[in-house]
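What follows is a set of notes on a single structure, which appears directly below.
The values are calculated or read from the model by the stated rules, or taken from the named source; none is laboratory data. Every value quoted in this text rests on a predicted model; they were computed, and no experiment measured them. Don't worry about glycine lacking a Cβ; one is built from the backbone with ideal geometry, like all the others, and counts go over all protein chains shown. These area figures cover heavy atoms from the full protein model, side chains too; ligands, DNA and RNA do not enter into them. Shrake-Rupley method; radii C 1.70, N 1.55, O 1.52, S 1.80 Å.
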Amino acid sequence: MIYQLRPDDLDLARRVAAGRNGVKEQAGVRSNKIADASDFDIHFSGVLGEIAVARLAGVEIDKVFHLCGDAGYDLRLGGYTVEVKSRRKRGQDLIILPDMADFRADHCILCWVTGGSEVEVVGIVSRQRFRMQALPVTLAHRPRLLMPWGNLRSI
């Protein structure tokens, strides 16, 4: 499912990403993500995915900036908590820290943020199913858990 970002979505994403990044930058906290992008760019991509899912579901994103991250989820959908994970290239899989610290929500949705104005909402997986079926991998000398995007359920 493709969501076309609107100009107001992009403005909101810039503001939220700058706020989230600013709080962490002021405290000297750096991202533990494996990426060739700046911390701001990582936040920006993540917020774009959250906005796409929120707009499609008719809910709002969290606009509060937390030093320690969020409450373990990005959105509430139909009584469930949902973590949104965004990747910056089509075809990339869902990757989580090996201790499941990145996946405390009931479900996780993978998005691909492609180009400057579109987000593809790829699929969803429950925390329980991810824990049982994820594959252990090593990326940049760090252990991670991976679920191939093709194993996610369509939304």
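Structure notes:
- Pairs of Cα atoms in the chain fall into 5 Å distance bins, from 0 up to the last occupied one, in shares of 2, 9, 19, 24, 23, 16, 7, 1 percent.
- Calculated accessible area for the chain comes out at 54 Å² per residue, all protein chains present (probe 1.4 Å; ligands, DNA, RNA ignored).
- Per-residue ellipticity at 222 nm computed for the chain from its helices equals -10000 deg cm²/dmol, with DSSP H segments shorter than 4 residues left out and the rest contributing -39,500 (n - 2.57).
- Here's how it looks for LEU94: its modeled amide H is under 5 Å from those of MET147, TRP149, which are all 5 or more places away or on a different chain.
- Restricting the calculation to Cα atoms, region 115-155 shows an Rg/Rh of 1.07 when the hydrodynamic-style radius is the Kirkwood one.
- Cα→Cβ-extended label distance, 7 Å offset, between ARG6 and PHE40, nm: 2.6 nm
- Carbon and sulfur %, accessible surface of the chain computed with the full protein complex present, 1.4 Å: 52 percent
- Positive-pole candidate from THR114, GLY58, SER126, dipole of the chain, charges at beta carbon: SER126
- The chain, relative contact order in percent, only Cα pairs under 8 angstrom and at least six apart counted: 22 percent
- Restricting region 52-125 to chymotrypsin sites (Phe, Trp or Tyr not before Pro) in coil, as DSSP defines it, with at most 16 other Cβ within 10 Å: PHE65
- Sites ARG15 and ASN151 - FRET efficiency at Förster radius 35 Å, r taken between beta-carbons, to 0.05: 0.55
- For the chain, a simple Cβ point-charge model (Lys and Arg +1, Asp and Glu -1, everything else neutral) yields a dipole of about 360 debye relative to the Cα centre.
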